[in-house]
1. Show the residue pairs meeting these rules: Cβ distance below 8 Å; 6+ apart or different chains; first residue within the range 336-347 and under 18 Å from Ser312 (Cβ atoms) and among the hydrophobic types (A, V, I, L, M, F, W, C); second residue assigned to a helix (DSSP H, G or I) and open to solvent by 60 Å² or more (accessible area, probe 1.4 Å).
2. Just one of the numbered conditions (1) open to solvent by 20 Å² or more (accessible area, probe 1.4 Å); (2) over 17 Å from His188 (Cα atoms); (3) hydrophobic (A, V, I, L, M, F, W, C) is not true of Trp20; which one?
3. If Phe13 satisfies all but one of (1) open to solvent by 70 Å² or more (accessible area, probe 1.4 Å); (2) not in a loop (DSSP other than H, G, I, E, B), what's the number of the condition it fails?
4. From Arg300, Arg291, which residue is within 16 Å of ligand 2 (Cβ to nearest atom), at pLDDT 95 or above and not small (Gly, Ala, Ser)?
5. Out of everything in the range 181-211 that is within 22 Å of Phe36 (Cβ to Cβ) and aromatic (Phe, Trp, Tyr), what residue ends up being farthest from ligand 2 (Cβ to nearest atom)?
6. May I ask you to say which residue of Ser323, Ser312, Ser244 is closer than 17 Å to Val76 by Cβ, open to solvent by 40 Å² or more (accessible area, probe 1.4 Å) and of a type in the set (S, T, N, Q)?
7. Which condition number does Trp211 fail, the rest of (1) open to solvent by 10 Å² or more (accessible area, probe 1.4 Å); (2) outside any strand (DSSP E or B); (3) farther than 30 Å from Ile351 by Cα being met?
8. Can you list residue pairs whose Cβ atoms sit under 6 Å apart, with the first residue in the range 8-24 being more than 15 Å from Phe194 (Cβ to Cβ) and modelled with pLDDT of 95 or more and the second being of a type in the set (Ser, Thr, Tyr) and assigned to a loop (DSSP other than H, G, I, E, B)? Count only pairs 6 or more apart in sequence or on different chains.
Amino acid sequence: MFHLTCSTCAKEFPADTTAWRCQCGGLLDLTFEPGFWPDAVSDRAPDLWRYREALPVLEETAIVSFGEGYTPLLPVSFGRRSAWIKQDHLFQTGSYKDRGAALLISHARALGIKKVVEDSSGNAGCAVAAYCARAGIACDIYVPESTSPAKLEQIAAYGAGLIRIPGSREDTARAVMAAAENTFYASHTWNPFFFHGTKTWAYEVCEQLGWKAPDSVVLPAGNGTLLLGAAIGFKELTAAKIISRPPAIIAVQAEACQPLTRAFETGSQQPVKIEKRDTRAEGIAIAEPARGWQILAAVRASGGGFISVTESEIRTAQQRMASQGYFIEPTAAAVIAGLARYLSTAPDKEIVVSTFSGHGLKAAGH
Ligand SMILES: *Cc1c(COP(=O)(O)O)cnc(C)c1O
Ligand SMILES: [Zn+2]
């Protein structure tokens, strides 16, 4: 029905493999063709499982769900322009990471996995911990010591083991890889099932626009877990002739950590080595994104581009949204700052869609 394929050497792995990367070090992607028709879904429950034929879960009974997804798509005004914004801060754990965790932990459960490890700067850890709690799977979440206290509290509350690693986000990634030698690595960056969860963002957007694609989408780019998932979703919908073409992808980074914007500007196919500075957008402060070359390729193929935003733009965007009743965390505000910048130059007739990626309560008290 489907299998995994190494994106570097094309070696194939069965769908039930527990490998998280190829022996050659390459990223694993899913080779999967959804059999999906829009007509079938209109009277289904308003959650992401309405696209069941497009979701690669090996066993129906393994599905772990909180009835997540199908978040509202609301018009939000930016002066004389407006954009459609997915309310993905409204998920069970407060960020869109639940889309990926729903698929990934359902997959782990189908494989009979009893324990997983995961590393995260916060929200992916919250999502994996919550879905593991619901599935009865044990988990250890590795986090950088500097993660927001509210996120640490949330992860621990679900009963996950919390392993705080001193140093950088990259030090945390190295620590979990050692643990992943003998425990299932439920990685939101390496495991391709996560991306087949986040792709539902694209399915929902198109359905909510009347099975039409927007002209452009403005999305965060740290590890690219939403961006790459959305790209998969739009590609599948285009291949199935449900939409005529995928939108341009505008990727947003923080100026303080912009290995991909720099690569895009210099024509590089790989992320550029950078000195990371402090940023309030902790969720996208990824200096060495494992799927960096895929993010660059997806943005280039879409005809889109990159925008890097400053700390003061992030603060302004957060306040501006709160003044309209939307409380979002700084990382989510970075995306909205990028959206505001994009709208100031985008053609008037363009349909632009973006996202509120995380809830403001996540970073409250900071
Ligand atoms: C994870 C996350 C992002 C973006 O993440 P990447 O997958 O690293 O690109 C953006 N906003 C919030 C709130 C997040 O939790
Ligand atoms: Zn390989």
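1. Taking only residues 6 or more apart or on different chains, the pairs are Ile336/Arg320; Ala337/Thr316; Ala340/Arg320.
2. (2)
3. So Phe13 meets the others, but not (1).
4. Exactly one of Arg300, Arg291 is within 16 Å of ligand 2 (Cβ to nearest atom), at pLDDT 95 or above and not small (Gly, Ala, Ser), namely Arg291.
5. Per the criteria, the residue is Trp211.
6. When all the criteria are applied, what remains is Ser323.
7. With (1) open to solvent by 10 Å² or more (accessible area, probe 1.4 Å); (2) outside any strand (DSSP E or B); (3) farther than 30 Å from Ile351 by Cα applied to Trp211, the lone miss is (3).
8. So the pair list comes out as Cys24/Thr8.
The values are calculated or read from the model by the stated rules, or taken from the named source; none is laboratory data. As the structure is a computational prediction, the values presented were derived from the model and not from experiment. Note that we place each Cβ from the backbone using ideal geometry, even for glycine, and neighbour counts take in every protein chain shown. All accessible areas refer to the heavy atoms of the entire protein, side chains included, with ligands and DNA or RNA removed. Shrake-Rupley method; radii C 1.70, N 1.55, O 1.52, S 1.80 Å.
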